[in-house]
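Here is the structure we will look at, set down as structure tokens.
Just so you know, all these numbers are worked out from the coordinates, no wet-lab data involved. Source: prediction; values computed, not measured. Positions of Cβ are backbone-derived with ideal geometry, glycine not excepted, and every protein chain shown enters the neighbour counts.
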Amino acid sequence: MLLFIISCLIIFTIWTVINSMFLPHLPNKTESQENTLVSILVPMRNEERNAAALVQCLKLLTFSNIEYILLDDQSTDRTSAILHKVVHNDRRFKIINGRNLQDGWSGKVFACHQLQKVAKGDYLLFIDADVRLSSDCIQKSLALLKKHKAKLLTGFPAFQVPPLLSKILVPMQHFAIMFHLPIFIANKTTIQAATAAHGAFMLFERSAYLQINGHESVKSSLVEDVHIARKMKESGFHVLLANITGEVSCLMYETNKEVWEGFLKNIYIGLNRSILFVFILTGFYSLFYILPFIWLLYGFLTLQPVYCIPYIIIFLQRFIIDLLTKQYWFLSFLMPISAIFFIAIMHASMWTSLRQKSYKWKGRYYI
């Protein structure tokens, strides 16, 4: 049993290294693209903590032909007031008020739908309010998009992880991509099952976006990023997943409660509401990522260092991913703890759905 686990973990680590090689980075060199208009579109609901910093970040972007459209999605805090104050008289910005949420739509998707109706750009970049971009991010992103002849460029940002639960769970997003997703297939084919996307950064070529009917095509989705990427592939468009962690960062959650509610809302739906898949993943992570920690303790207590080897290997696998994605390296030691919490919230998300209880996010409830 021990030898089997060690052998499998070595294979997993080698696979992770090879798989990550097919995840392109944004290039350092770019060509002039002054004739291209880019619309940066940001849905904002109760984002008073991010509003000022977001606008200041956007003002520092060096791309010459750009418009910013910010939608206040019926916030109940000071989001709107802060936006108007910080934007001041910068004509590149347009602040619009979101309409009442219509039946059959999820909140963020409806906000994005309203944003694109106002946008004039040749390219549409949807970002979240907690995203921060490097000054030359736009030209780099366009260069990579055009190099690969893609119609959608997306990626998982470098995650800031202040609360404890965020440190445990949020980096697992990068782990899932580099370990579970066959990136070569995802980036080189239109196979919909091999699709990943992150709604915090999605750059569309406008014509392709409109051809699939934009966000309206996934109007009720709670994981609209993945579903709209699949719609793009369904229409034959090339979707490119990239490592954008050098140019894009994101503070997804600031409290442990937000972490729990965010993952609770997304994880079971992201698994296509498959009970079988939940139990397969439960067994897999228990065997390969929790058991090695138990063996580590056993090895110390019995002075048998061979039982420490599986834990060392899973640390190395996670360390490689954290290194590539600009994450704190010491969080790699927490991989068994991450696996435990991942299983726990996966089951909580599943049972919430099976009991037909609502998921809560930013004051709205979803089934």
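Some notes on this structure:
- Label-point separation in nm, residue 185 to residue 320, each point 7 Å along Cα→Cβ: 1.9 nm
- Given charges at beta-carbon only (K, R positive; D, E negative), |dipole| of the range 261-361 in Debye: 400 debye
- Under a model in which nothing but the beta-carbon of Lys, Arg (+1) and Asp, Glu (-1) is charged, the chain shows a dipole of about 420 debye around its Cα centre.
- Over the range 1-97, the hull volume per residue, using the convex hull of the C-alpha atoms, is 174 Å³.
- Across the range 61-76, rounded Karplus estimates of 3J(HN,Hα) from the backbone phi angles (6.51 cos²θ - 1.76 cosθ + 1.60, θ = phi - 60°) give 5, 9, 5, 7, 10, 8, 10, 10, 10, 10, 10, 7, 8, 6, 5, 9 Hz, Gly and Pro being marked x.
- Given charges at Cβ of Lys, Arg, Asp, Glu: the chain dipole, positive-most of 166, 299, 266: 266
- Unit charges at the beta carbon, dipole of the range 173-328: most positive-side option, 236, 175, 328: 236
- DSSP bridge analysis restricted to the chain gives an antiparallel fraction near 40%, rounded to the nearest 5.
- The local environment of residue 194, defined by Cβ-Cβ distances under 12 Å, has a net charge of +3 under the rule Lys, Arg +1 and Asp, Glu -1.
- Pairs beyond 31 Å (Cα-Cα), from 117/167; 59/360; 219/326; 151/265; 29/151: 117/167; 59/360; 219/326
- With both labels modelled 7 Å from their Cα along Cα-to-Cβ, the residue 6 to residue 210 distance reads 6.1 nm.
- Dipole-positive endmost among 317, 51, 36 within the chain (Cβ charges, Cα centre): 36
- A Cβ-based charge dipole, computed about the Cα centre of the range 135-195 with Lys and Arg at +1 and Asp and Glu at -1, lands at about 280 debye.
- Estimated distance in nm for a label pair at residue 358 and residue 286, the labels positioned 7 Å out from Cα along Cα-to-Cβ: 3.4 nm
- Measuring between their Cα centroids, the range 322-357 and the range 258-278 lie 10 Å from each other.
- The simple Förster model, with R0 at 45 Å and r as the Cβ-Cβ distance, assigns residue 303 and residue 344 a FRET efficiency of 0.90.
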